[in-house]
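The values are calculated or read from the model by the stated rules, or taken from the named source; none is laboratory data. Since the structure is predicted, the reported quantities are computational estimates derived from the model, not experimental observations. Reconstructed Cβ throughout: ideal geometry from the backbone, glycine too, with neighbour counts over all protein chains shown. With ligands, DNA and RNA removed, areas are computed over all heavy atoms of the protein, side chains included. Shrake-Rupley method; radii C 1.70, N 1.55, O 1.52, S 1.80 Å.
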Amino acid sequence: MLRVTIAPEEDRRLNAQIAFAVEIDKLKRIIRRNHLIDGSRRENTAEHSWYVGTLAMVLGEHAPPGTDLQRVVAMLLVHDLVEIDAGDTFIYDPVEVAAQADVERAAAERIFGLLPAEQGAELRALWDEFEARETPEARFAKALDRFAPILANHHTEGGTWPLFKVRASQVREKVRIIEEGSPTLGRYALELVELSVARGHLAE
């Protein structure tokens, strides 16, 4: 029988990577408030991360010139891993938002800390960059993260907006974040908001 021999140091490294792989599978069980566009059920955070990562490739031409789209995709794949510990934060709930930063930082320390040091540091740096929104890549990534729920709500007769009594002024504030990362997507998102108001799916 063929046996594969792994050196002790490689074994420790692989075990750490596998531990991380097992841990991030938990993201599939974090249920977000948004529904799928067909309205059949609520999405989970792993689905959201895949979706916005794919949007980065499809809508990349609407990012600022010179944006590193590969870095944007990587950022979006890891940006919500902290929800394994912190859960999904509803962006229209000021109490949840106020408590979000400290809880998510602690989650980032634990989850990325499962990896070998240099890999953990690399993924943590992507997460920190996304949160800081100081680079074109981070601003575009955040724009897509905010754009996706607006698109979903528009196609589900308001989705979470009427359910949680969200008003148009609150959504317009989130559109400003989209505009910072992509003026084109920002204009499109604002059109969706105004159309949803006109259809009675979003209260003015």
Residue pairs, Cβ under 6 Å, 6 or more apart or interchain, first in the stretch 61-78 and modelled with pLDDT of 95 or more, second among the β-branched types (Val, Ile, Thr) and surrounded by 14 or more Cβ atoms within 10 Å (Cβ to Cβ). List them. 62/184; 76/52
Among the residues of the stretch 115-153, the number that are open to solvent by less than 20 Å² (accessible area, probe 1.4 Å) and farther than 30 Å from residue 11 by Cα is 12
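Could you tell me which residue of the stretch 10-34 is least open to solvent (accessible area, probe 1.4 Å), considering only residues that are aliphatic (A, V, I, L, M) and closer than 18 Å to residue 126 by Cα? Walk me through how you get there before you give the answer.
Kept after step one, since they are aliphatic (A, V, I, L, M), are these residues of the stretch 10-34: 14, 16, 18-19, 21-22, 24, 27, 30-31.
Those still in the list that are closer than 18 Å to residue 126 by Cα too: 21, 24, 27.
Working: 21: 51, 24: 56, 27: 8 Å².
Top of the filtered list is 27.
Does residue 175 meet the test of being touching a residue at least 40 places away in the same chain (Cβ under 8 Å) and open to solvent by less than 20 Å² (accessible area, probe 1.4 Å)?
No: the conditions fail for residue 175.
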Residues within the stretch 35-89 that are in a helix (DSSP H, G or I), of a type in the set (Gly, Ala, Ser) and open to solvent by 20 Å² or more (accessible area, probe 1.4 Å), tallied: 3
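Conditions tested, residue by residue: (1) touching a strand residue (DSSP E or B) at 6+ places or on another chain (Cβ under 8 Å); (2) at pLDDT 95 or above.
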| site | (1), (2) |
| --- | --- |
| 102 | no, no |
| 171 | no, yes |
| 182 | no, yes |
| 196 | no, yes |
| 202 | yes, yes |
If the requirement is being among the β-branched types (Val, Ile, Thr) and over 20 Å from residue 152 (Cβ atoms), which of these qualifies: 22, 58? 22
One residue from 98, 108 being exposed (fewer than 14 other Cβ atoms within 10 Å of the Cβ), out of contact with any Ser or Thr (no Cβ under 9 Å at 6 or more places or on another chain) and assigned to a helix (DSSP H, G or I): 98
